Amino acid sequence: MAITVKLNELIQQPENAILSISTLLGQNLALLDCSGVVAVNPQQLTLLFTAIPEGWDFREIKEIFDFSTITLTFNHQLQEWINQRLGRTQSQPSITNYELSTTNDLDIFNFRNEVIGDYRRYIESFLKIRDSKVKEFVDAELDKGQLWTDPLVQLNPSYRKGATAKELVQQQTLHPDCERYFCKQDGSPFSFHYHQKQAFETAQRQEPYVVTTGTGSGKSMTYVVPIFDDLMRHPEISGVRAILVYPMNALINSQKEELDKFLRQVPNTHIRVEKYTGQESLTRKTEIQNNPPHILLTNYVMLELMLSRTHENKLVESPNLKFLVLDELHTYRGRQGADVAILIRKLRQRSKSNDELLCIGTSATMSTVGSREQRRQVVADVASKLFGVEIKPGNVIDETLERSIQRAEPTIEQLCQGILAGLPTELEQTPTEFRNHSLSYWIEMNFGLEEREGYLVRRQPISLETGATKLAEQTQLLEETCLTVLKQMFLWGSKTNGLAFRLHQFISQGGSVYATIESRDKRYLTLEGQYTTTDNRLLYPLVFCRECGQDYYVVRYDADKHIILPQLPTALDISPDDADITEGYLTLDEPELWDTGDEDRLPDSWFSETKKKGRVAKKDFARFIPRKLQVLPNGNVTSSLLQGTTCWFIPKPFLTCLNCGVLHDKKRNEFAKLSRLSSEGRSTATTLLCLSTTSRLKQVFTGEKAKAAKILSFTDNRQDASLQAGHFNDFVQTSFLRAALLGAIQAKGQLAHSELASVVVQYMGIT
């Protein structure tokens, strides 16, 4: 039986280790797991193929490479390598697994690995670590996904069907003209979900309600349709009929576009919709004040201003006001929730249709504790306090889900057969075959849905690895086998619309490496930012010299109390607030690192020559001469040479590295001299991930799909969005210029100053 070897670990081993695995590969006794490998340098490929028979073609290579784990880039490299090895002049078809065939289908799992690989290489490119044990520890933690946990898989659920627009018209729930607004491009009527139908019926009874369903469930339709229906039943009405309040202007802009789509379905419609926020010009606001629309989209801050300004009375004192909608109800809590609750009461007092005002709220899940009825009661209580009107628990409308896979639950034997038999060929992977496959039911009920209190609810998202472990426990098959088949099933379901899913990847900054003050062989290393570990040993954050990678503890030295305490790793540029405490850096002693008589290695500018004492340190630099300390693991400084660990202490600012001797001045900040595990900022990380995602999407897709490859980024406020947009533009322009400069140098060999600008512009491709 072949042993599985991770290629990303193998290529970091010595030559003899790679050669030994090559021997096993040549005998079909090893299988290479290529997860996370984007490319392998030619020297390593040569070693890897040393014992592999020279006549082996793509068919034989497939037996020793696990192509369910291979990235697109490494796939191409491997193809070219084999063609070159066999002396071919023309390219042969790519080696692919069935997911990565020549179609425009995206293997999201490999895609995720490639983007994470880009991010990891970026982090490591700024980080030098001299200590081999610390380097091995950091690499191992990154391999385990310390900064990027396994992605979570979430199925898009199927909602119970309610009725079509035509059926609702026949039931007299909707006005007949609603069919014209709510229909598809081919003229067929919309089919509404059951929870949407419930909302329409509640609105028809003139009862306030709250809709708490998941993302993508069509919550906005639960109030848009009743408002449109009301305006069609009362075409004579003028002025503001509905005020829709959103927490962010971005949501307002998005909702306005959606409403306009419905209005364009009916030429010359009498329904008018307008935005009224801080983004509209004074002229536009004046036009809206003079001719109020039927539906006004605004935010709670602007609504507060409208209630306090007389020239906007028409908008809030409309005698025909009937609907008040609060979107994203869960965002209004604490002080902000109290402010909005008072605001609504002011509006109801000012409104001339106070008794008829219908309050509607929408939200994601607001309560997850207790039974379904208990959760509804909690939501009803919160919404009632917010709106100032009673909302019955029965009018809290949650989602009603149904299974997409209607086949019977498979037995354990059927699951084993489905896994061991493998998937059908790509031509046979039809929607019908997917729905009938034994694993389809298992996937939906273990990744998407669970039965609770007699009805279906969403499951908490889990990772693919967690699901594979669960499947392996039930079937008693190998976890690796289950993981491979699950990946293939998810991709099959995505391509055939059998089970659509989303991948949630959480990425965190690197933080710091923490270590105890002990010898390099004994000290404890962790990425967890805790204060102490076992035996009262303190944990200190490490920073690394950007020139050589020498590690330093970030500390606060209290000479009076003879103790060294940890300092926050993010406080590199913060000055101490206590004159008796010296902030600085501590590094472990080692042979030839530093000695008491090594002051000659320090720059002459730190010293002055005197007749009596000779070379003497200047007053401003005397305290920066390294001090030898014996430090115990609990931070206490001892005078005994038989206890503790010998260290060298240097105060802030960091002026010289004891290992490489690099010199710094006092003007540069500490961040430019020393790095933590993660030195990138949030804006840089976001820009890098966006660029990696879009560029790799364009490598996978061709034609129109490549042009449509985009990424959507959300942020909390306008200032952050402006910062990110500016950072993105600067990053792209700088990268573009550097790429052109590199291309010009590679092509020309060398460039003179006289031709530098023209040649670089030429390689920019600017016309």
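There is no residue in the range 711-721 that is at pLDDT 85 or above, surrounded by 12 or more Cβ atoms within 10 Å (Cβ to Cβ) and closer than 29 Å to residue 148 by Cβ.
If you filter the range 525-546 down to residues that are more than 19 Å from residue 130 (Cβ to Cβ) and part of a loop (DSSP other than H, G, I, E, B), you find that the one that is modelled with the lowest pLDDT is 529.
If you check residue 308 against the conditions, is it free of Cβ contacts under 8 Å to residues at least 12 places away in the same chain and open to solvent by less than 40 Å² (accessible area, probe 1.4 Å)? Taking the combined requirement at face value, the residue does not satisfy it.
Within the range 469-514, the only residue that satisfies the criterion of being within 30 Å of residue 685 (Cβ to Cβ), of a type in the set (A, V, I, L, M, F, W, C) and at pLDDT below 90 is 507.
Please go through the range 447-464 and pick out each residue that is outside any strand (DSSP E or B) and exposed (fewer than 14 other Cβ atoms within 10 Å of the Cβ). Those that are outside any strand (DSSP E or B) and exposed (fewer than 14 other Cβ atoms within 10 Å of the Cβ): 453, 454, 460.
Looking at the range 486-494, is at least one residue under 26 Å from residue 34 (Cα atoms) and open to solvent by 40 Å² or more (accessible area, probe 1.4 Å)? Yes; the residues of the range 486-494 include at least one that is under 26 Å from residue 34 (Cα atoms) and open to solvent by 40 Å² or more (accessible area, probe 1.4 Å).
If I ask for residues that are open to solvent by 30 Å² or more (accessible area, probe 1.4 Å) and part of a helix (DSSP H, G or I), which ones from the range 472-485 would you list? Hits for the range 472-485 are 473, 474, 479, 480, 481, 483, 484. Total residues in the range 410-435 satisfying the condition of being assigned to a helix (DSSP H, G or I) and open to solvent by less than 70 Å² (accessible area, probe 1.4 Å): the figure is 6. Criterion applied to 46, 4 was being out of contact with any Asp or Glu (no Cβ under 9 Å at 6 or more places or on another chain), of a type in the set (Ser, Thr, Tyr) and surrounded by fewer than 17 Cβ atoms within 10 Å (Cβ to Cβ), and the one residue passing it is 46. With a requirement of 3 or more residues that are at pLDDT 95 or above and either open to solvent by less than 20 Å² (accessible area, probe 1.4 Å) or among the basic types (Lys, Arg) (or both), the helices (runs of 4 or more DSSP H) lying completely within the range 204-305 that satisfy it span 221-233. Among the residues that make up the range 400-417, is at least one of them free of Cβ contacts under 8 Å to residues at least 24 places away in the same chain, farther than 30 Å from residue 494 by Cβ and not hydrophobic (A, V, I, L, M, F, W, C)? Scanning the range 400-417, I find no residue that is free of Cβ contacts under 8 Å to residues at least 24 places away in the same chain, farther than 30 Å from residue 494 by Cβ and not hydrophobic (A, V, I, L, M, F, W, C), so the answer is no.
Screening 116, 129, 123 for residues that are open to solvent by less than 50 Å² (accessible area, probe 1.4 Å) and more than 26 Å from the chain's Cα centre (by Cα) leaves exactly one candidate, 129. In the range 748-767, the residues that are at pLDDT 85 or above reach residues that are open to solvent by 60 Å² or more (accessible area, probe 1.4 Å) and of a type in the set (D, E, K, R) with C-beta atoms within less than 7 angstrom, at least six apart or across chains, in these pairs: 759/748.
Restricting the search to strands (runs of 3 or more DSSP E) fully inside the range 591-689 and requiring at least 3 residues that are free of Cβ contacts under 8 Å to residues at least 12 places away in the same chain and open to solvent by 40 Å² or more (accessible area, probe 1.4 Å) gives 607-610.
Residues that are surrounded by 13 or more Cβ atoms within 10 Å (Cβ to Cβ) and among the β-branched types (Val, Ile, Thr) within the range 733-760 comprise 745, 759, 760, listed in sequence order.
Any residue in the range 509-516 that is over 30 Å from residue 631 (Cα atoms) and small (Gly, Ala, Ser)? Looking through the range 509-516, none of the residues is over 30 Å from residue 631 (Cα atoms) and small (Gly, Ala, Ser).
The set of residues in the range 83-113 that are surrounded by fewer than 16 Cβ atoms within 10 Å (Cβ to Cβ), within 29 Å of residue 429 (Cβ to Cβ) and at pLDDT 60 or above contains only 104. Checking each residue in the range 188-197 for being farther than 23 Å from residue 360 by Cα and assigned to a loop (DSSP other than H, G, I, E, B) picks out only 188.
The rows are residues; the columns are (1) open to solvent by 70 Å² or more (accessible area, probe 1.4 Å); (2) assigned to a loop (DSSP other than H, G, I, E, B).
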{"residue": "315", "(1), (2)": "no, no"}
{"residue": "348", "(1), (2)": "no, no"}
{"residue": "359", "(1), (2)": "no, no"}
{"residue": "370", "(1), (2)": "no, yes"}
{"residue": "374", "(1), (2)": "yes, no"}
{"residue": "384", "(1), (2)": "no, no"}
{"residue": "391", "(1), (2)": "no, yes"}
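Can we say residue 499 is more than 28 Å from residue 581 (Cβ to Cβ), surrounded by 15 or more Cβ atoms within 10 Å (Cβ to Cβ), in contact with a helix residue (DSSP H, G or I) (Cβ under 6 Å, 6 or more places away or on another chain) and without any contact (Cβ under 8 Å) to a residue 24 or more places away in the chain? Judged against the criteria, residue 499 is not a match. Of the residues making up the range 511-518, one or more are open to solvent by less than 30 Å² (accessible area, probe 1.4 Å), in a loop (DSSP other than H, G, I, E, B), over 22 Å from residue 449 (Cα atoms) and among the polar types (S, T, N, Q).
If you go through the range 524-559 and keep only what is touching a residue at least 40 places away in the same chain (Cβ under 8 Å), surrounded by fewer than 19 Cβ atoms within 10 Å (Cβ to Cβ) and among the polar types (S, T, N, Q), you end up with just 536.
Considering only residues that are hydrophobic (A, V, I, L, M, F, W, C), farther than 22 Å from residue 479 by Cβ and free of Cβ contacts under 8 Å to residues at least 60 places away in the same chain, which ones fall in the range 25-48? Once the filter is applied, which keeps residues that are hydrophobic (A, V, I, L, M, F, W, C), farther than 22 Å from residue 479 by Cβ and free of Cβ contacts under 8 Å to residues at least 60 places away in the same chain, the range 25-48 yields 25, 39, 40, 45, 47, 48. For the range 361-403, the candidate set comprises residues that are under 18 Å from residue 456 (Cα atoms) and polar (S, T, N, Q); within that set, the residue that is modelled with the lowest pLDDT is 367. Within the option set 674, 655, 697, being over 24 Å from residue 552 (Cβ atoms) and out of contact with any Ser or Thr (no Cβ under 9 Å at 6 or more places or on another chain) holds for one residue only, 697. Any chance the range 324-338 includes a residue that's of a type in the set (A, V, I, L, M) and open to solvent by 70 Å² or more (accessible area, probe 1.4 Å)? The answer is no, given that none of the residues of the range 324-338 is of a type in the set (A, V, I, L, M) and open to solvent by 70 Å² or more (accessible area, probe 1.4 Å). All told, residue 12 meets the bar of being assigned to a loop (DSSP other than H, G, I, E, B) and out of contact with any strand residue (DSSP E or B) (no Cβ under 8 Å at 6 or more places or on another chain).
Against the test of being on the phi > 0 side of the Ramachandran plot and in contact with a Gly (Cβ under 9 Å, 6 or more places away or on another chain), the options 549, 529, 511 yield a single qualifying residue, 511.
The residue of the range 138-187 that is farthest from residue 494 (Cα to Cα), among those that are open to solvent by 40 Å² or more (accessible area, probe 1.4 Å), free of Cβ contacts under 8 Å to residues at least 40 places away in the same chain and in a helix (DSSP H, G or I), is 170.
The values are calculated or read from the model by the stated rules, or taken from the named source; none is laboratory data. As the structure is a computational prediction, the values presented were derived from the model and not from experiment. For neighbour counting, all protein chains shown are included, and Cβ atoms are generated from backbone atoms with ideal geometry for every residue, glycine included. In case anyone asks, the SASA skips ligands and DNA or RNA and just uses the protein heavy atoms, side chains included. Shrake-Rupley method; radii C 1.70, N 1.55, O 1.52, S 1.80 Å.
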